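Down below is the structure, laid out as structure tokens.
Readers should treat all values here as calculations from the given coordinates under stated rules, not as data from a laboratory. Since this is a predicted model, take the numbers as computed values, not measurements. Note that each Cβ is placed from the backbone with ideal geometry, even for glycine, and that neighbours are counted across all protein chains shown.
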Amino acid sequence: MQYLHTMFRVTDLERSKRFYCEGLGFTLVSERRYDEGRFTLAFLRAPGDGESGPMLELTHNWDTSRYERGDAFGHVAYRVPSIADVQARLRGAGYDLSWGPGKTPDGGRAMAFIDDPDGYEIELLAGR
């Protein structure tokens, strides 16, 4: 078994791609429009995940302008070499952390959170 991707439904695909690519340094792997179904799929890969690493799928349903996220979903997490470096990149693209930087509950590592344009939470964990 191999983990392939996580899918987020997004309301503005261009805005979301800008956030992930310019703000977090993801790479756009592929994007495909499905005119008959009226949706677009974009697959992104986080820096450091290599050519076969898991991806983030952004699904844009053209006729949907709002989603209810529900309270069961938590967040996705990424290990980063430096939260300060990620924060500087985010700020350069017009974004910032939504929480932190601070420490993990056990105090062992630095952590921070950022919300994407649709409100999905992303945890950043420094080191290890």
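Here are the numbers:
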read-out	value
For segment 1-69, radius of gyration divided by Kirkwood radius, i.e. Rg to Rh on alpha-carbons	0.98
FRET efficiency, 1/(1 + (r/R0)^6) with R0 22 Å, evaluated for ARG69 and ASP96 via beta carbons	0.60
Within segment 37-61: backbone nitrogen closer than 16 Å to the TYR78 label point (7 Å, Cα to C-beta)	42-59
Environment charge of ILE122, counting only residues whose C-beta is closer than 14 Å and scoring Lys/Arg +1, Asp/Glu -1	-3
Net +/- balance of residues flanking ARG45 in space, Cβ distance below 14 Å, scoring K and R +1, D and E -1	-3
Nearest 10 degrees, 0 to 90: helix 83-92 Cα axis against the chain principal axis	50
Kirkwood hydrodynamic radius of the chain, Cα pairs, Å	15.5
